[in-house]
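S.K.: Quick one: the structure is below, and I'll ask about it shortly.
None of the figures in this text is laboratory data; all of them are computed from the coordinates on show. All values derive from a computational prediction rather than experimental measurement. Note: ideal-geometry Cβ built from the backbone for every residue, glycine included; neighbour counts use all protein chains shown.
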Amino acid sequence: MKKILCLFSALTLVLMSSCSGDDNTPDVASETLLPKKIVETSVENGQSGSTTYTLTYDGNKLKEISLSDASRSVYTYTGDVITKVELYYSGVLQSTDVYAYENGKVSSRITTKAFNATSQQKLTFVYNTNGTINVNESEIINKQEIKYDTTTLYTFVNGNMVSSEYINGERDKITSTFDDKKSPFTNVTGVKLLLDLDNNFDFASVNNTLTNTTVSYDNAGKVIQTVTESNTNKYNANSFLTEAFAGDTKNSEKIEITY
């Protein structure tokens, strides 16, 4: 799911959609639309399967995302920012993510597994002067932090994540292009600050991706593989994404969004 919704951040567009209206009339629907259900259908070697995501809200704040596989994520806010995400499976808590903020931006995320509270995974956010963001990985064991030489470098242009580069000896860099339509999460409070760190969705970008190119490098910096994905999107009259498709008849992913 993350792959195709990174194509929100990721999924191509040969768009044939238009909308008209009086520029002086407030677009009330565009300010209140929230995604209520997302159905992901995957086809591998001709075999099809699907997952349904049901999203519930308190006003415009995300309360819960429930999956048809009996897992669910529960979101807790402090003011207008998300400070805790709890992952459950069949009603049993699996992990808890706790977010901290400085100057209105995420500064860290600490993940605690329910069955191993002595070890925690930590991400530290560094906002560089050139506008890029480094997310550095570390581990906390018995309250002692161990820092790793692993980071993800994010680059944003016009509110869209145009590249993300995972660096850990080897490198993987994803470069994206975008349309000018609205992300399904435009009106959801606080989710954009989470970058693409949610397990199911990419909340970061304000528009939807047209192409996604992934370049993989070995330890010596030599290109191992380059893959470009193109996607076909559909939109409603308010220019919100309603369907995204990538692939062919044998292997594909499609999402359908209900507001």
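S.K.: Can you tell me the dipole magnitude for the chain around its Cα centre, using point charges on the Cβ only (Lys, Arg +1; Asp, Glu -1), in Debye to the nearest 20?
M.R.: For this selection, approximately 400 debye.
S.K.: In nm, give the distance between the simple-model label positions of residue 90 and residue 113, each being 7 Å from the Cα along the Cα-to-Cβ direction.
M.R.: 1.8
S.K.: For region 127-185, what is one quarter of the convex hull surface built on the Cα atoms, given in nm²?
M.R.: Computing the convex hull of the Cα atoms and averaging its projections yields 6.1 nm².
S.K.: A further question on this structure: Sticking with the crude label model, points 7 Å out along Cα→Cβ, report the distance from residue 166 to residue 37 in nm, one decimal please.
M.R.: With each label placed 7 Å out from Cα toward Cβ, I get 3.2 nm.
S.K.: Could you pull the Cα extents of the chain along its three principal axes, largest to smallest, in whole Å?
M.R.: 58, 46, 44
S.K.: Let me check I've understood the local charge: for residue 128, count other residues with C-beta under 14 angstrom from its C-beta, Lys and Arg +1, Asp and Glu -1. What total comes out?
M.R.: Neighbour charge sum, excluding residue 128 itself: 0.
S.K.: Here's another thing I want to ask about it. What is the spin-label model distance, in nm, from residue 220 to residue 243 if the labels are put 7 Å beyond Cα along the C-beta direction?
M.R.: Those two pseudo-labels are separated by 4.8 nm.
S.K.: Further question: Using only the Cα atoms of region 215-255, construct the convex hull and provide its projected area averaged over every direction, in square nanometres to one decimal.
M.R.: The number I arrive at for region 215-255 is 4.4 nm².
S.K.: Evaluate region 100-233: find the radius of gyration of its Cα atoms, find its Kirkwood radius, and give the ratio Rg to Rh.
M.R.: Checking Rg against Rh, the ratio lands at 0.99.
S.K.: Give the Rg (one decimal place) followed by the Dmax (whole number) of region 145-214, computed from C-alpha coordinates and expressed in Å.
M.R.: Calculated on Cα positions, Rg and Dmax stand at 13.3, 42 Å.
S.K.: In region 158-225, what trypsin sites (Lys or Arg not before Pro) fall in a loop by DSSP, with at most 10 other Cβ atoms inside 10 Å?
M.R.: Taking region 158-225 and a limit of 10 other Cβ atoms within 10 Å, the loop trypsin sites (Lys or Arg not before Pro) found are 222.
S.K.: Could you grab the relative contact order for the chain? Cα pairs under 8 Å, six or more apart, rounded to a whole percent.
M.R.: Averaging sequence separation for qualifying contacts and normalising by length gives 25 percent for the chain.
S.K.: From largest to smallest, what semi-axes in whole angstrom does region 74-163 give when each is the square root of 5 times an eigenvalue of its alpha carbon gyration tensor?
M.R.: 25, 18, 12
S.K.: Calculated from DSSP H runs of 4 or more alone, at -39500 (n - 2.57) each and per residue, what is the 222 nm mean residue ellipticity of the chain, nearest 500?
M.R.: Dividing the helical sum by the residues of the chain leaves -500 deg cm²/dmol.
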